[in-house]
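What follows is a set of notes on a single structure, which appears directly below.
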Amino acid sequence: MEDEPPLGPVRPAGQKSVNVRRYSGTERVPVFYPPLPHFAGAAIIVGMKIIGINGSPRKGWNTHILVEESLRGAASKGAEAELVNLYDLNFRGCISCFQCKRLEGPSLGRCAVQDSLRPVLDKIDSCDGLIIGSPIYIGELSASTRALIERLTFQYISYGADRKPRFTRRIPVGLIYTMNVPEEALESSGYPARFQFYEDLFTGIFGPVKTLLSTATWQAEDYGKYGMTMFDEGARRKRREEVFPQDRLRAFDLGRELEAENGKS
């Protein structure tokens, strides 16, 4: 599997909080972070609502950290940022009931399934920007992320001759992927085509997409416990210390840039 360990974002004494909320069912609690170097003095643009989806089952590890970092970036511009931990919810993928396609039905353009994903789909339907993060497992998105994307996108896809999506606005989307594969092996692993597929899908339905890749990630605090001898644990740990902080900064910038893209949409 291809997701990673905790950074322990805890607010040190005297440091300010950022308006990011975790969403799990009806629970909302503030999340506190140490500020990044370029956080101070950010322009404030109030009112934008950003939903961030953590599609990893491993809270506090790479995907979770980068999604939260991107929400921090959005919050630094004055956005109301909210995090959804997808694996806290009980839901399935699309069941092909076609109620979202029935022309005079009550669920036209909306997924008809009533489960714990329903409130999340409603929030996304009215948000101003969307961030989805997923680890790459066996060459694909996590199962829950894939199930979310089925439910989220199929409801808006039209089978009419004009193929015009039923999502009537344009909003920016950020896609974040964490993976064990090193950057130099992406092409041979066939990953670029997969990432391009999702970028095209979200561009066609929602709006402009920015994609962030975090490669060759650190997967466990002790590789020896899991027989991970094919990897150089020291090199991975060093990359965690030196490269992953740069990924965090890129995720922060991605969140900040969503507002600019929203203004163009």
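Cut-off is 10 Å between beta-carbons; in what order do Leu175, Leu152 appear when sorted fewest neighbours first?
Leu175, Leu152
Normalised radius of gyration (Cα atoms, divided by 2.2 N^0.38 Å) for segment 169-216: 1.24. When the alpha carbon gyration tensor of segment 20-264 is reduced to an equivalent ellipsoid, the three semi-axes, largest first, read 30, 22, 17 Å. Normalised by the number of residues in segment 20-264, the mean separation of alpha-carbon contacts (under 8 Å, six or more apart) gives a relative contact order of 23 percent. Both radii are taken from the alpha-carbon atoms of segment 184-265; with Rh as the Kirkwood radius, Rg/Rh is 1.08. The ranking of Asp128, Asp162 by Cβ neighbour count inside 10 Å, starting from the fewest, reads Asp162, Asp128. Summary of the geometry: segment 187-265 and segment 48-76, compared by the centres of their Cα atoms, lie 12 Å apart.
Could you sort out which of Lys210/Lys238; Lys49/Lys101; Lys49/Lys77 sit more than 19 Å apart by Cα distance in this structure? The answer is Lys210/Lys238; Lys49/Lys101. Partners of Lys59 within straight-line reach, counting aspartates and glutamates whose Cα lies under 12 Å from its Cα and excluding those fewer than 8 residues away in the same chain: Asp3, Glu4, Glu68, Asp88.
Since every read-out is calculated from the coordinates, none of them should be taken as a lab result. The structure displayed is predicted, hence computed values, not measured ones. Cβ atoms come from the backbone with ideal geometry, glycine included; neighbour counts cover every protein chain shown.
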